[in-house]
Amino acid sequence: MRVQLKGDAICTLCLVVALFTILYSQLSHLSLREEQRKGKKTTLGAMHKGLRHPAVLQRQAEGRETGTVPRIISAVKHNQEANDKDSVTTPPPLTVSAFDFRNYLRNKDNRKFDLLINQPKKCTRTPEGPFLLIAIKSLVEDFDRREIVRKTWGREGLINGAQVQRLFLLAIPKNKTALPTWESLVRQESLMYRDILLWDFLDTFFNLTLKEIHFLRWADEFCSNTKFIFKGDADVFVNVENIISFLDSHDASEDLFVGDIIYNAHPIRTRKSKYYIPETMYGLGMYPAYAGGGGFILSSSTMKKLSQACGQVELFPIDDVFLGMCLQRINLRPVSHEGFKTFGITKPSAAPNLQTFDPCFYKDLMVVHSLKVAEIWLMWNLLHNARLSCTQKKQVKKAFRWKIKTKEITNDYGT
Ligand SMILES: *[C@@H]1O[C@H](CO)[C@@H](O)[C@H](O)[C@H]1NC(C)=O
Ligand SMILES: *[C@@H]1O[C@H](CO)[C@@H](O)[C@H](O)[C@H]1NC(C)=O
């Protein structure tokens, strides 16, 4: 009996366990199915709404095919197109900057070109010669730039008691279709202003070195009596009065070369760069000190030495660096000056709380680079009518009622 009872109990226990496991497995199965059904229901529900109007469903189906999927395809296409465009648009600069160094080296000894338009009397206006000769690199087609320079900072005559003369350095335009009348324009300009030098070589970026050499040679031959020379670009603003007062304390018979001097610059070995120089052309890791492009001042004595030296230095396609090589050859250290801002002045970094065209701010500078024609005009006019207003501001403040306070303020601004 006892044994039978035990057996029964074990049996029922087993059965109960079995039943529970079956029930459990069934339950989990059910809940899974339930979830699946729920999921289906939502999608079905959504579809049912569309089903009310077969046309809508049709459109939705089309939309799914032509809308979503093709959109991805078209996006990919666009990307590809963009890539294609990129690969189409990037090569031109590449080919433009893919400068033919071999050809350059081959023609390097061809470095004497005729002067087609000369101004032999430029420096004979006064017996003692000009105090400052302004020489500006310009392209034939940039007539408007020359005009604005003539009307503003490049004026000839007596400035603060110093005789100033002006010249534009031109060569043959590369693109003659851009200005078919260039020859008569330049002849007319020369007749009118007597400030044009034109040489018989193509005016390209890599030929600027030729301009440098030819100008120095010209200055040595036709303007050796000038005291100083400013040589610069046509997109700069030059505060000639500041340059003259700076030069007043210098002797033209001593060496002087002043500008925005760049030290320890490395040659650029990236082929894509405009300034790419292969090692076959320049093997050293560093360029000599040279003046940045905005402009620089040199004395008559330095001009003569440089003219000699540059005639012996091998041609180098970057004109600023080439001149640095000439300086190195005569063992002359160029002097850096704060007043030369080669890359212009941007409002945020230079003077966050000042207007870029606050004339009082530009008063102490000598050369500001990268300006538009209108900006040059504006700056010159502000500086020249506004010298007044620079001091006027202070006068107004001084006349203000709280004298002590305003004095403090003007002092704060002054320092
Ligand atoms: C030359 O100038 C014309 C007119 O400005 C321009 O349409 C053309 O693209 C230029 N050609 C080159 C090679 O730069
Ligand atoms: C420089 O000018 C000469 C003479 O016009 C020309 O033959 C040569 O191709 C030019 N060089 C460069 C690098 O543009």
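Remarks
- Filtered by the rule that a residue be within 16 Å of ligand 1 (Cβ to nearest atom) and part of a loop (DSSP other than H, G, I, E, B), segment 154-192 gives P173, K174, N175, K176, T177, A178, L179, P180, T181.
- Per-region count, segment 194-230, residues under 23 Å from Y104 (Cβ atoms) and charged (D, E, K, R): 5
- Qualifying residue in segment 191-198 (condition: at pLDDT 95 or above and within 16 Å of ligand 2 (Cβ to nearest atom)): yes
- Checking K151 against (1) under 21 Å from A374 (Cβ atoms); (2) within 16 Å of ligand 1 (Cβ to nearest atom), the condition it does not meet: (2)
- Scanning segment 116-132 for residues that are aliphatic (A, V, I, L, M) and touching a helix residue (DSSP H, G or I) at 6+ places or on another chain (Cβ under 7 Å) turns up I117, L132.
- Selection status of I213, in contact (Cβ under 8 Å) with a residue 40 or more places away in the chain and within 16 Å of ligand 2 (Cβ to nearest atom): yes
- The set of residues in segment 276-294 being modelled with pLDDT of 90 or more and out of contact with any Leu (no Cβ under 9 Å at 6 or more places or on another chain) consists of Y276, I277, P278, E279, Y282, G283, L284, G285, M286, Y287.
- Filtering segment 200-210 for residues that are within 16 Å of ligand 2 (Cβ to nearest atom), buried (at least 20 other Cβ atoms within 10 Å of the Cβ), assigned to a loop (DSSP other than H, G, I, E, B) and in the same structural domain as H337 (by TED's automatic domain parsing) leaves a non-empty set.
- Options V140, V164, V149: the member that is surrounded by 16 or more Cβ atoms within 10 Å (Cβ to Cβ), of a type in the set (A, V, I, L, M, F, W, C), under 21 Å from E183 (Cβ atoms) and in contact (Cβ under 8 Å) with a residue 24 or more places away in the chain: V140
- Qualifying residues in segment 113-136 (those that are closer than 22 Å to Q312 by Cα and surrounded by 12 or more Cβ atoms within 10 Å (Cβ to Cβ)) - the one farthest from ligand 1 (Cβ to nearest atom): L115
- Of all the numbered requirements in (1) farther than 29 Å from P127 by Cβ; (2) surrounded by 15 or more Cβ atoms within 10 Å (Cβ to Cβ); (3) within 16 Å of ligand 2 (Cβ to nearest atom), K174 misses one, and that requirement is (2).
The values are calculated or read from the model by the stated rules, or taken from the named source; none is laboratory data. Given the structure is predicted, the values throughout are model-derived calculations rather than measurements. Methodologically, a virtual Cβ is constructed for each residue, glycine included, from the backbone with ideal geometry; neighbour enumeration extends over all protein chains shown.
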